[in-house]
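All of the numbers you see were taken from the coordinates with simple rules; none came from a lab. Everything quoted here is computed from the prediction, not taken from an experiment. Every residue, glycine among them, receives a Cβ derived from its backbone with ideal geometry; neighbour counts consider all protein chains shown.
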Amino acid sequence: MFDDMYREVILDHYKNPRGHGTLDDPDAHADGQNPLCGDEVSIYVAFGEDGETIDEVKFSGRGCAISQAATSMLTEMVAGRTAVQVAALDKDELLEEIGIPLTPVRLKCAMLGLTTLKVALHKAKGTALPEGLAGFDDLDLS
Amino acid sequence: MAATAGTRKLNAHAVRADFPIFEQKIHGKPLAFLDSAASSQKPRQMLEAMTTFYETSYANVHRGVYVLAERATAGLEGAREKVRALINAPDAREIIFVRNATEAINLVAYSWGMNNLGPGDLVIVSELEHHSNFVPWQYVAGKTGARVAMLPLTDDGELDLSALDGLAKDGNVKVVATNHVSNSIGTINPIEKLAAWAHEQGAIFVCDGAQSAPHLAIDVQALGVDFFAISGHKLCGPSGIGALWGRGDLLQAMEPFLTGGHMISSVRLEKTTWGELPHKFEAGTAPMAEAVGLGAAIDYLQDVGFDAIAQHEHELAAYALGRLSEVPGITLYGPPADRRAGIVSFNLDGIHPHDVAQILDMQGVAIRAGHHCCQPLMHKLGVAATNRASFYLYTVQEEIDQLADGLYTVQKVFA
């Protein structure tokens, strides 16, 4: 009965997160939090030689299985894409990858990593901001 | 809080039959509703009182001269008297209807704080506060130049009163504001002592009673507080109504909070004068059907008996602490059973509260997972969030068993 939301792939990403860690000198960085539950995700991005293509994404933070697993999946999904492509990444693409039914509250958990990544890219590259920016303490739009 | 000898014992299974919400199943399981600290469920008697009021007595209050307006006014003012009696306030004119405890505290913070706080003044709140009794003070302090200090907790999750005198050295203590019962970890605070200390400093004492009024017999005069805030929806009443009690002399001297219709004595282009209490603080059309519902809820609770309710919840808390402490990898927060209300906060090692609550929901168990609007407390406990199970007069032991069994299933999913 719990297979729907807590299927094996989610638990695997939660217990063995890909891209977990930090980068010392990231090309892009942002800290995100979900004010509903206090979950936190920090995203670190390194670009390739062209300065546009994402070479590596790392994340750190604490949160529920859904937020941490979704961010883990995200780090695999966006490697090799450009900042502009990721800024335009539709949330449905990530949701399809996550592949589980989510209630509205848990949708916010699932989107925390993607939203934070888009903010990091916006700060570094001026790409489009994600929908809904509440909770981003260090977001400086000036 | 223990019931005195001769107190009727509460029969929670019989009480439960008055609450239609329990007639359904959730995910095919019986509903174990363990989130009453967030909001309580509603008895049929309260729902019927509101329906009857709408069907037979509804019109706007106070101004009409016809029969329906008189009935509606009687309904509203009758409810005010029931709130007065609930907390043993001296005078029903000191009962102000508001939307909820948050609005009640904002009323005091704005109407009293904005006009009485300034640089060098200190507002003392506690680390246990719900944001509702911290953020308004922080905001008004920021506007007036006053400072806010926090009374710390002991390791048992109780207020450290020995720190009060030290805090007072940092400014003129003008306001002390704490909750009566912690919504997060269930601590019952020593309000008489805190209020007496506040008065020694020349400060007012503001008590957030949102978590105590539903569960304990309240006597604001014996507690010695200056203001007391309650939320109707937490004590079996409808959402959208709460009440503030304030000492008459303080309310008389205060500026209004909201202005507009009903709260005036006379209105001219040059000047408006304010109405008498409580009207000065009740601008606009009152939540009259909600007040009638709140009154019916108070009748219902008093019929069951607050001593019996407190005793029942105390037994449930002790039972829950016992059952949950058997779960491997669990951390329980808050004071021992004999010094807490029917609230149990906990974490399971390595499993986020959101995941715990989600898997419990699949088993029909509703608990709260999150920071409980208490981020400073969560910070103190060193966690981002906790799970919270909370009990009320309709809670039965079987629901706590359902919770405990559910936690083992959570651990299996994450094993």
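Most mobile of B:GLU276, B:GLU158, B:GLU290 per a Gaussian network model of chain B (Cα springs, under 10 Å)? Per the Cα network of chain B with a 10 Å cutoff, B:GLU276 tops the list.
Extending 7 Å from the Cα toward the beta-carbon at both B:ILE26 and B:ALA163 defines two label points whose distance is 3.5 nm. In vacuum, with every alpha carbon of segment A:8-125 counted as one equal point scatterer, what does the Debye formula give for log10 I(q)/I(0) at q = 0.22 Å⁻¹? Two decimals, please. So the normalised log intensities are -1.26.
For A:ALA28, nonlocal amide neighbours, meaning residues 5 or more places apart or on other chains whose placed amide H falls under 5 Å from its own, are A:VAL45.
Would you calculate, for chain B, the mean residue ellipticity at 222 nm contributed by helices, counting each DSSP H stretch of 4 or more residues as -39,500 (n - 2.57) and dividing by all residues, to the nearest 500? List each step's numbers first, then the result.
Working: 14 runs with 152 residues, N = 415.
For chain B, the value works out to -11000 deg cm²/dmol.
Can I get the semi-axes of segment B:146-261's equivalent ellipsoid? Compute them from the C-alpha gyration tensor as square roots of 5 times the eigenvalues, in angstrom, largest first. Mind showing how you got there, number by number?
Values: eigenvalues 117, 83, 31 Å².
Working through the eigenvalues yields semi-axes of 24, 20, 13 Å.
The angle between the Cα long axis of helix A:104-125 and the longest principal axis of the Cα atoms of chain A comes to about 10 degrees, rounded to the nearest 10. Calculated FRET efficiency, A:ASP4 to A:GLN85, Cβ-Cβ distance, R0 = 45 Å: about 0.90 to the nearest 0.05.
When Rg and the Kirkwood radius Rh are both evaluated on Cα atoms of the protein assembly as shown, their ratio Rg/Rh stands at 1.01. Placing a label point 7 Å from the Cα of B:GLN138 along the Cα-to-Cβ direction, none of the residues of segment B:165-181 has a backbone N under 14 Å of that point. Of the residues B:ALA243, B:GLY166, A:LEU117, the one whose Cα sits farthest toward the positive end of the charge dipole of the protein assembly as shown, with +1 on the Cβ of Lys and Arg and -1 on the Cβ of Asp and Glu, is B:ALA243.
The simple Förster model, with R0 at 25 Å and r as the Cβ-Cβ distance, assigns B:THR285 and B:ALA253 a FRET efficiency of 0.40.
Charge dipole (Cα centre; +1 on Lys/Arg Cβ, -1 on Asp/Glu Cβ; no other charges) of segment A:8-125 amounts to roughly 500 debye. The distance separating the Cα centre of segment B:27-92 from that of segment A:1-33 comes to 48 Å.
Computed extension gain for B:THR409 through B:LYS193, at 0.36 nm per residue and net of the alpha carbon distance, reaches 73.4 nm. Applying 1/(1 + (r/R0)^6) with r as the Cβ-Cβ distance of B:ASP338 and B:ALA222 and R0 = 25 angstrom yields a FRET efficiency of 0.75.
Length available on full extension from B:GLU200 to B:SER39: 0.36 nm per residue minus the Cα-Cα distance, which gives 54.4 nm.
Note on segment B:40-115: Cα-Cα pairs beyond 20 Å make up 49% of the total pair count. For segment B:226-332, the convex hull spanned by the alpha carbon atoms encloses 162 Å³ per residue.
Running Debye on segment B:48-302 with equal point scatterers at the Cα sites and no solvent, what base-10 log of I(q)/I(0) appears at q = 0.11, 0.15 Å⁻¹? Treating every Cα as an identical point scatterer, log10 I(q)/I(0) equals -0.59, -1.03.
Which value results for Rg/Rh of segment B:315-411 when Rg is the Cα radius of gyration and Rh the Kirkwood radius based on the inverse mean 1/r?
Working: Rg = 12.5 Å, Rh = 13.5 Å.
The Rg/Rh ratio comes out at 0.93.
Taking chain A as the region of interest, the number of lysine pairs whose Cα atoms are within less than 24 Å, with members eight or more places apart or on different chains, is 14. Maximal additional length on extending the B:ASN172-B:ASN60 stretch stands at 35.8 nm, based on 0.36 nm per residue less the C-alpha distance. Testing the spin-label approximation: label points 7 Å from Cα along Cα→Cβ at B:ASP349 and A:GLU93. State their distance in nm. Modelled inter-label distance: 4.1 nm.
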